[in-house]
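Heads up: the structure comes next, in structure tokens.
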Amino acid sequence: MSTTTKPAGAPAQILVAEDSPTQAQRLQHLLEQQGYHVTITANGRQALEAAQGRKPTLIISDVIMPEMDGYELCRRVKSDASLGDIPVILVTTLSDPQDVIRGLECRADNFILKPYDERYLLGRVQFVLVNREVRQSEQTGMGVEIFFNGHKHFITADRLQILNLLLSTYEAAIQRNKELGLVRDDLHRLNSSLEAVNNDLESFSYSVSHDLRAPLRAVDGFSSILLEKFAPQMPREAELLLNNVRTSVKRMGQLIDDLLRFSRLGRQPLSKRLVNISVLVREALEELRGKQPDRRIEIQISELPDCVGDPSLLRQVLVNLLSNAFKFTRQRENAMIEVGCRQQGAEKVYFVRDNGAGFDMRYAGKLFGVFQRFHRAEEFEGTGVGLSIVQRIIQRHGGRIWAEAEPDKGANFYFRLSQESPQSFTRCMSRGRLD
């Protein structure tokens, strides 16, 4: 590991070009603690003017700055006869391999990877200052022409500059790999923890299912027996109360079913294939109409392109959205439901639209939360879990769902899936079968 010592003799004059005041102050404090004399400038143009006014021992420059970036500053310094021997360290993220070529072209002496470790930065500064005299003893060659990433570049940096720059790049890559390794280990630990939590949730779900259903069945069974055997002798009020008990038990059972379905969605594997959305919509509508044969609803189905997804889960999405449309248009004399798809940029957005009760968009942020209801149970039945299930399924498909509505004027629910096209999916499947 690099160690740092305070410079002997006259303190080195270090010029810093950094447009972030916070980063500039941090760097100034760090360097001055080591005995260096530091001058701060806000961009490359100011740094060049400062260097021409008073020649520094070393320049440390951020790469991305307004007016003049770090590469251009370095190029100007190296091409100036009176400043050309000043070593320049560039502070960069090195997010693009082209950064190394730009550094070579402008004859930078070293890279420091951002965000930097303080001890590493001080070690780089000391290394560059110690090697300054060695670099000055070399004569700049005629340059070399190289090809990189399909482009030709002419490099005039001397051999020591090239070596130091490439070594600092390699060292930065090693440092980044170490950081990525630590992140990978953290992710592995988090995944292990999440797996344990999911297993606990699965056990809890089973427990809830088993332990709560048994007493509910008993309550419903005994209430039913009481009504069958003693209804004629019961006061009317007692009979109504027992019927309320049975209704509440059924609602509790439905709530347990919905919660279990919601909790298991995260663990259920996706079985992706080509899905004919039109067929799923017609099946869902047939099921809902069978439960409400007396309803008169005008239903419009536009052209619905195929998609890629899990057909059973996508069917659940459509059943939930369409059942909501059926439910919330119940009080409309002329109920209307429309199912369609629109092109939005490169994406296909499916929608279910109705002219029902609607809701206030001020509460749209709560729409997909578990147990969130915008209407009283006396008006519209439900557990408040259905839309949470829909959102979870859409998210598992790499998509998004949102809604637009207005009270008493209906609601529009939109959803899109991942951008995987049926054509590319078919090609991949064909290649898989051939292999």
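Subtracting the Cα-Cα distance of VAL130 and ASP186 from their residue separation scaled by 0.36 nm leaves 16.3 nm. For the residue pairs LYS250/LYS327; LYS114/LYS178; LYS291/LYS348; LYS348/LYS409, the alpha carbons lie more than 20 Å apart in LYS291/LYS348; LYS348/LYS409.
Averaged over residues, the count of other Cβ atoms within 10 Å places the peptides 298-306, 12-20 in the sequence 12-20, 298-306, highest first.
Under the simplified labelling scheme, the GLN233-ARG332 pair shows an inter-label distance of 5.1 nm, with each label point 7 Å from Cα along Cα→Cβ. Taking packing as the residue-averaged number of other Cβ atoms within 10 angstrom, the listed peptides 105-113, 282-290 run from highest to lowest as 105-113, 282-290. A protection proxy built from the mean count of other Cβ atoms within 10 Å ranks the segments 353-359, 185-191, 65-71, most packed first, as 353-359, 65-71, 185-191. You can think of it this way: the chain between GLU32 and ILE101 has 21.7 nm of extra reach, that is 0.36 nm per residue less the Cα-Cα gap. Model label points for LEU240 and LEU194, set 7 angstrom from Cα along the Cα-to-Cβ axis, are 5.2 nm apart.
Bear in mind that the values in this text are calculations on the coordinates, not laboratory data. Model, not experiment: these values are computed from the prediction. Quick reminder, even Gly has a Cβ in these numbers, built from the backbone with ideal geometry, and neighbours come from all protein chains shown.
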